[in-house]
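Only one structure is covered here, and it is reproduced in the block below.
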């Protein structure tokens, strides 16, 4: 078995194989309540016509079935042909008829689609267009009525592995062996954007969040999440597969993602973005409360507590201002106490002096410089390591 797809109502499964056939299976029978008993799922129709192994298949969308009572499938094979199958006869099939022999189906239309193997197919949400991707590096668009050619999309430098229509916009997305993902306009058939970030051939993609984002998987063993508007990769999920990721699907509610790889592992991922968002909001609320408390400590001149809170908030500029106020207001007899608190703060901020982020190193320098400019005794007292680290 090389490819499968399921009808949008969940009743029918269609599969393709190296035996050159397309087969339809009835998932509505009581015995198929569990997908772990696949041998009990009856084959209700067999389609023959391809001359070589059939590598990809796509079911029409529910909208057409509901409005026109039409059920169709398209298939693509190594024989470089695309075939259109009218399987509306399945709508008359009842579970009680499972004991009878499967229907024999013949393709309604067959087209020589590409000059090399056909790797992928997809059908637009309104069932008007069929998209095919091939090893010949091209994407072709066809009318779903008779597979008449509509457009050719060229731009990938290697074979095309996956094509997907956006569920919302007039956009088609494609992945390729050239390590890129491309977005194509279905209005003028131009390339809108090219997404780069994978280090190997990109095998699969899925739209999510109402077509605002993309998930992609590749031979580099990584899954990446992209924001379409900015064409940026916003997250990378790695180290769960040790090789190529061939399969990538989403549950209907898009709360879970399932990936399958050449390492013979299936991983189930749960969307925790809402949880992360809530945690970020809680952290922001906590920081606001701490900011308010910090201002209260400063008004009350409780500088020791204000220093600790500024350290917790990682605000070196605020910390420097607090020390400045302390030194201006305290008598010289209490300067030793101020020095001890400064020493504690500088030791904590020493870790930023070697930080990879230049802004933190600059901030470390800033606090030392400000204090030394205002108070000459800091020159002879502050740790030598602080001044050395600032000169790097």
Next item on the list: Output yes when any residue across segment 145-155 is free of Cβ contacts under 8 Å to residues at least 12 places away in the same chain, outside the structural domain of residue 58 (by TED's automatic domain parsing) and closer than 19 Å to residue 125 by Cβ, and no when none is.
Entry: yes
Next item on the list: Inspect segment 239-250 for any residue being over 24 Å from residue 185 (Cβ atoms) and without any contact (Cβ under 8 Å) to a residue 24 or more places away in the chain and give the result as yes or no.
Entry: yes
Notebook entry, point to check: Does segment 111-128 contain at least one residue that is surrounded by fewer than 20 Cβ atoms within 10 Å (Cβ to Cβ), within 21 Å of residue 193 (Cβ to Cβ) and within 29 Å of the chain's Cα centre (by Cα)?
Noted result: yes
Notebook entry, point to check: Is it the case that some residue within segment 129-137 is in a strand (DSSP E or B) and either assigned by TED's automatic domain parsing to the domain that holds residue 178 or modelled with pLDDT under 95 (or both)?
Noted result: no
Checklist line | Of the criteria (1) at pLDDT 90 or above; (2) more than 21 Å from residue 121 (Cβ to Cβ), which one residue 41 fails | finding: (1)
Checklist line | Count - residues of segment 184-198 that are outside any loop (DSSP other than H, G, I, E, B), under 15 Å from the mean Cα position of the chain (by Cα) and surrounded by 19 or more Cβ atoms within 10 Å (Cβ to Cβ) | finding: 1
Check: Residues in segment 201-218 that are surrounded by fewer than 21 Cβ atoms within 10 Å (Cβ to Cβ) and over 10 Å from residue 248 (Cβ atoms): how many?
Finding: 7
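I need the helices (runs of 4 or more DSSP H) fully contained in segment 293-356, keeping only those with at least 3 residues that are at pLDDT below 65 and surrounded by fewer than 13 Cβ atoms within 10 Å (Cβ to Cβ). Let's see the steps before the verdict.
Numbers: elements: 303-312, 316-329, 335-353.
Counting at least 3 such residues, we get 335-353.
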Checklist line | Candidate set: segment 145-183, residues that are over 23 Å from the mean Cα position of the chain (by Cα) and crowded, with 20+ Cβ neighbours inside 10 Å; chosen: the one farthest from residue 232 (Cα to Cα) | finding: 147
Checklist line | Checklist (1) touching a helix residue (DSSP H, G or I) at 6+ places or on another chain (Cβ under 9 Å); (2) at pLDDT 95 or above applied to residue 235, failing item | finding: (2)
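The values are calculated or read from the model by the stated rules, or taken from the named source; none is laboratory data. From a predicted model like this one, the values you see are computed outputs, not experimental measurements. Glycine gets a Cβ as well: all are built from the backbone with ideal geometry, and neighbour counts include every protein chain shown.
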